[in-house]
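Heads up, the thing below is written out as structure tokens.
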Amino acid sequence: MNFDLTPEQDQLRDAVRTLGRKYGHSYFVEKAKAGEHTTELWHEAGRLGYLGVNIPTEYGGGGGGITELAIVCEELAAAGCPLLLLVVSPAIAATVINKHGTDEQRKRHLPGLADGSRKIVFAITEPEAGSNFHRLGTVARRDDDDWLLSGRKCYISGVDEAQHVLVVARTEDSATGKLRPALFIVPTDAPGLECSKLDMEILSPENQFLLYLDDVRLPADALVGESLDAGLPALFSGLNPERITVAAMGAGTGRYAIERASGYTATRKVWGGRSIGSHQGVAHPLAHAAVQVELARLMIYRAASLYDAGRDLEAGVSGNMAKYAAGEAAALAVDTAVQVLGGAGMTTEYGVATLLGAVRAGRIAPVSREMILNFVAQHVLGQDKSY
Ligand SMILES: Cc1cc2nc3c(=O)[nH]c(=O)nc-3n(C[C@H](O)[C@H](O)[C@H](O)COP(=O)(O)OP(=O)(O)OC[C@H]3O[C@@H](n4cnc5c(N)ncnc54)[C@H](O)[C@@H]3O)c2cc1C
């Protein structure tokens with residue numbers, strides 16, 4: 001058993017950390033407050049090869065796996081820049097297209113995803129279906145060689161900065177009631193596709209949208225894969241990378257918050273010559289949060305290595321558990337950091353309360369803590385499904 005990263009992964013971690021610190025949390029917050037995107041950071045990360053670490057070298061990527069992408073997500077977040085679109089564009093979209101797309105789709109989309117010049121976001125959630133994707137109501141029907149897509153999606157991140165959206169629909173002939181998902185690569189400027197921005201209480205340079213698809217006409221090659229049979233495996237192939245990378249982002253955010261807070265408590269003195277961190281009432285909650293974050297990190301890199309070894313079923317269990325653990329640990333770490341910073345914790349300057357909304361959302365999205373507990377109860381503990 002070996003818990004160490006390879007020398008190349010260590011170098012990647014150091015290099016991404018350096019890039020993240022060059023921008024830092026104040027850059028992230030300024031962009032979010034100005035209603036702008038972290039475009040400079042995204043493009044620099046793309047130029048340096050960090051956005052394409054998991055994409056094969058023949059398409060301009062780094063030829064690594066989800067472990068490498070998790071390192072990128074964690075280190076940027078640990079520098080105060082948790083970039084949500086890393087989870088949808090390189091983790092979900094690039095994996096789905098690489099594993100299940102046609103040759104033509106790989107050639108068309110992967111080089112741009114690798115260098116960051118192209119973003120593809122991901123749309124599965126619907127207002128009525130919610131957590132139950134078996135109820136998806138977005139329908140794809142054939143019209144000669146074309147496809148026509150109709151339906152509604154909600155909370156879709158990054159539509160305003162993406163060239164395409166990977167839409168999960170179901171094919172109309174599923175009258176049997178059996179889910180037959182199909183994935184489509186839809187240009188964000190396609191006629192019939194409208195979006196409206198949702199007002200969210202999360203300080204983030206990335207936005208969420210409602211999507212309305214009204215007979216969006218797509219050519220036959222917008223369907224991911226050679227045939228409809230690719231739909232279900234393509235959908236599932238995006239889930240483990242999504243859970244692992246979002247967990248890595250959570251763990252990085254937790255590290256960032258603990259580092260900010262412990263730097264403060266080690267030097268802040270309000271009782272004579274002692275630092276507030278010398279009081280166990282301050283130090284223990286921070287130490288507890290640090291343990292929770294480290295536990296989550298172990299689960300994340302175990303899940304990533306299982307995934308990269310092609311052990312998808314085990315990676316599914318591990319990835320879900322890691323996502324749960326990291327979501328809880330990040331929320332705990334940020335809340336604890338705010339508390340031990342006192343009034344400073346609520347200021348913009350100290351840069352921890354700015355993450356409260358994001359870590360709270362991390363317990364809901366992209367899969368809620370309850371749905372993970374359902375998964376673990378059924379698939380690990382053998383309990384009956386209640387719904
Ligand atoms: C910031 C943010 C970004 C997002 N980005 C995207 C994106 O890019 N693309 C995308 O497709 N979606 C995105 N989402 C949507 C996200 O994946 C969903 O919000 C999430 O899956 C939960 O679905 P829901 O909101 O419909 O909740 P619901 O399904 O309505 O559930 C509400 C609550 O009930 C609980 N619940 C529901 N069913 C059960 C059950 N059987 N047992 C126990 N508890 C249950 C849930 O856990 C949840 O707490 C985003 C959401 C947020 C907040």
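The values are calculated or read from the model by the stated rules, or taken from the named source; none is laboratory data. Note that the structure is predicted; figures quoted are calculated from it, not measured. Cβ: placed from backbone, ideal geometry, glycine included. Neighbour counts: every protein chain shown. The accessibility values were calculated without ligands, DNA or RNA, using every heavy atom of the protein model including side chains. Shrake-Rupley method; radii C 1.70, N 1.55, O 1.52, S 1.80 Å.
Checked across region 162-182, the condition of being over 19 Å from the mean Cα position of the chain (by Cα), within 15 Å of the ligand (Cβ to nearest atom) and either at pLDDT below 95 or not in a strand (DSSP E or B) (or both) holds for at least one residue. Looking only at region 260-304, filter to residues that are open to solvent by less than 70 Å² (accessible area, probe 1.4 Å) and of a type in the set (F, W, Y); which one of those is farthest from Y324 (Cα to Cα)? Only one residue fits best here, namely Y264. Inside region 305-336, residues that are open to solvent by 50 Å² or more (accessible area, probe 1.4 Å), touching a helix residue (DSSP H, G or I) at 6+ places or on another chain (Cβ under 6 Å) and of a type in the set (A, V, I, L, M) make up a count of 2.
Yes/no per residue for (1) at pLDDT 95 or above; (2) closer than 16 Å to G231 by Cα:
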residue	(1), (2)
E104	yes, no
G112	yes, no
F122	yes, yes
E126	yes, no
A129	no, no
N132	no, no
L136	no, yes
W147	yes, yes
S150	yes, no
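Can you work out which of the residues in region 217-259 that are over 18 Å from G20 (Cα atoms) and of a type in the set (S, T, N, Q) is most open to solvent (accessible area, probe 1.4 Å)? Restricting to residues being over 18 Å from G20 (Cα atoms) and of a type in the set (S, T, N, Q), the top hit is S227. Against the test of being at pLDDT 95 or above, within 28 Å of T125 (Cβ to Cβ) and more than 13 Å from the ligand (Cβ to nearest atom), the options A329, A290, A361 yield a single qualifying residue, A329. When residues in region 110-126 are screened for being within 14 Å of P241 (Cβ to Cβ) and more than 6 Å from the ligand (Cβ to nearest atom), 2 of them pass.
A Cβ distance below 8 Å, combined with a sequence gap of six or more or placement on separate chains, defines the contacts here; from region 136-164, residues that are at positive phi reach residues that are more than 16 Å from the ligand (Cβ to nearest atom) and part of a strand (DSSP E or B) in the pairs G151/V139. Per the listing L183, L210, the residue uniquely touching a helix residue (DSSP H, G or I) at 6+ places or on another chain (Cβ under 9 Å) and closer than 20 Å to I92 by Cβ is L183. C154 meets the conditions (1) assigned to a strand (DSSP E or B); (2) away from the ligand (no atom under 13 Å from the Cβ); (3) in contact with a Leu (Cβ under 7 Å, 6 or more places away or on another chain) in every case but one. The failed one is (2). Of all the criteria given as (1) in a helix (DSSP H, G or I); (2) closer than 20 Å to L83 by Cα, the one not satisfied by N374 is (2). Scanning region 1-45 for residues that are hydrophobic (A, V, I, L, M, F, W, C) and in a helix (DSSP H, G or I) returns L12, A15, V16, L19, F28, V29, A32, L41, W42, A45. Scan region 354-369 and tell me whether some residue there is of a type in the set (V, I, T), under 29 Å from V53 (Cα atoms) and not in a helix (DSSP H, G or I). Yes, region 354-369 contains a residue that is of a type in the set (V, I, T), under 29 Å from V53 (Cα atoms) and not in a helix (DSSP H, G or I). Please find, within region 337-371, the residue that is farthest from V293 (Cα to Cα) out of those that are hydroxyl-bearing (S, T, Y) and open to solvent by 60 Å² or more (accessible area, probe 1.4 Å). Residue satisfying both the conditions and the ranking: T348.
Among the listed residues R170, R141, which satisfies the condition of being surrounded by fewer than 15 Cβ atoms within 10 Å (Cβ to Cβ) and farther than 30 Å from H37 by Cα? Sole residue among the options that is surrounded by fewer than 15 Cβ atoms within 10 Å (Cβ to Cβ) and farther than 30 Å from H37 by Cα: R141.
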